[in-house]
1. Within region 53-109, can you find the residues that are within 12 Å of VAL123 (Cβ to Cβ) and of a type in the set (A, V, I, L, M)?
2. I want to confirm something. Restricting to region 43-101 and keeping residues that are in contact with a Lys or Arg (Cβ under 6 Å, 6 or more places away or on another chain) and under 28 Å from GLN135 (Cα atoms), which single residue is most open to solvent (accessible area, probe 1.4 Å)?
3. Collect the residues in region 44-59 that are of a type outside the set (S, T, N, Q) and assigned to a helix (DSSP H, G or I), keeping them in residue-number order.
4. Would you say ASN110 is within 30 Å of ASP28 (Cβ to Cβ), out of contact with any Asp or Glu (no Cβ under 7 Å at 6 or more places or on another chain) and either at pLDDT below 95 or not in a helix (DSSP H, G or I) (or both)?
5. Which of (1) surrounded by fewer than 15 Cβ atoms within 10 Å (Cβ to Cβ); (2) not in a helix (DSSP H, G or I) does ALA175 not meet, given it meets every other one?
6. If you take the residues of region 105-153 that are touching a residue at least 12 places away in the same chain (Cβ under 8 Å) and polar (S, T, N, Q), which of them is surrounded by the most Cβ atoms within 10 Å (Cβ to Cβ)?
7. Of all residues in region 2-49 being within 30 Å of GLU72 (Cα to Cα) and of a type in the set (S, T, N, Q), which is modelled with the lowest pLDDT?
8. If you check PHE157 against the conditions, is it under 27 Å from the mean Cα position of the chain (by Cα), open to solvent by 80 Å² or more (accessible area, probe 1.4 Å) and not polar (S, T, N, Q)?
Amino acid sequence: MFHFSNIVRTKGDPKIVEGGPSLKRSADQLARALGWFSIGLGVVELFAPRRVTETLGMEGQETLVRAFGVREIMAGIMSLSVDKNAGLWARVGGDGLDAAALLSGLTADNPRKGNIALALLMVGGIAMLDYRAAQDTKPRRPPRDARRKLYPTRSGFPKGIESVRTAARQIASHAGHNEVKQGDERRVP
């Protein structure tokens, strides 16, 4: 089986023969998928706003669609970052803005109001996914009444602080002994 990551491996590196199960939780995978979706949608809105506005019968709103595209790209990047929860909440807020903008185009004289209704349904479905992902990826904190673990007797050194001091003394005495030896060699004619 071919693995893409084998292309970038240098000669002598082990090759990936078979992948194992993903360590990502399903919430992380959903956040990642929504992040890439957001970037893709944002690129379309940023570079083809006229196509979007014509499809919705909202000509003249290209600047707003471009702004929404930038917002989508930024939220997508945040959703792919370490702080994915902030990006997902930005997407939830963006869904509200999208719905409000679409509702403004849902007028009696718009010949494309069927497209707007479909877009509203899609935004509603995506909003539910965004909200779910944001809830599932929020940071987990211990309860307020949970006992905190304190480690006042731990030094951070596996063999204890005394063994580190002993090793430091041995190094210092060995280094001092070498300096004396080198000094003696310089005096010899």
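1. Across region 53-109, the qualifying residues are LEU56, VAL92, LEU97, ALA99, ALA100, ALA101, LEU102, LEU103.
2. Top of the filtered list is ASN85.
3. Applying the first criterion (of a type outside the set (S, T, N, Q)) to region 44-59 yields 44-52, 54, 56-59.
Within region 44-59, VAL44, GLU45, LEU46, PHE47, PRO49, ARG50, ARG51, VAL52, GLU54, LEU56 qualify.
4. Numbers: within 30 Å of ASP28 (Cβ to Cβ): no; out of contact with any Asp or Glu (no Cβ under 7 Å at 6 or more places or on another chain): yes; either at pLDDT below 95 or not in a helix (DSSP H, G or I) (or both): yes.
So ASN110 does not fit the description; no.
5. (2)
6. Our first condition is that a residue be touching a residue at least 12 places away in the same chain (Cβ under 8 Å); within region 105-153, this holds for 105-106, 110-113, 115-116, 119-120, 123-124, 126-127, 129-134, 136-139.
Okay, now just the ones that are also polar (S, T, N, Q), so 110, 115, 137.
On the way: ASN110: 14, ASN115: 17, THR137: 21.
Once the filter is applied, the top-ranked residue is THR137.
7. Within region 2-49, the subset within 30 Å of GLU72 (Cα to Cα) is 4-5, 22-49.
This time we only want the ones that are of a type in the set (S, T, N, Q), so: 5, 22, 26, 29, 38.
Details: SER5: 69, SER22: 58, SER26: 79, GLN29: 89, SER38: 96.
Looking at the filtered set, the residue picked out is SER22.
8. On the way: under 27 Å from the mean Cα position of the chain (by Cα): no; open to solvent by 80 Å² or more (accessible area, probe 1.4 Å): yes; not polar (S, T, N, Q): yes.
No.
The values are calculated or read from the model by the stated rules, or taken from the named source; none is laboratory data. None of the values given here were measured: they were computed from a predicted structure. As a convention, Cβ positions derive from the backbone with ideal geometry for all residues, glycine included, and neighbour counts pool all protein chains shown. Surface accessibility is based on the protein's heavy atoms, side chains included, excluding ligands, DNA and RNA. Shrake-Rupley method; radii C 1.70, N 1.55, O 1.52, S 1.80 Å.
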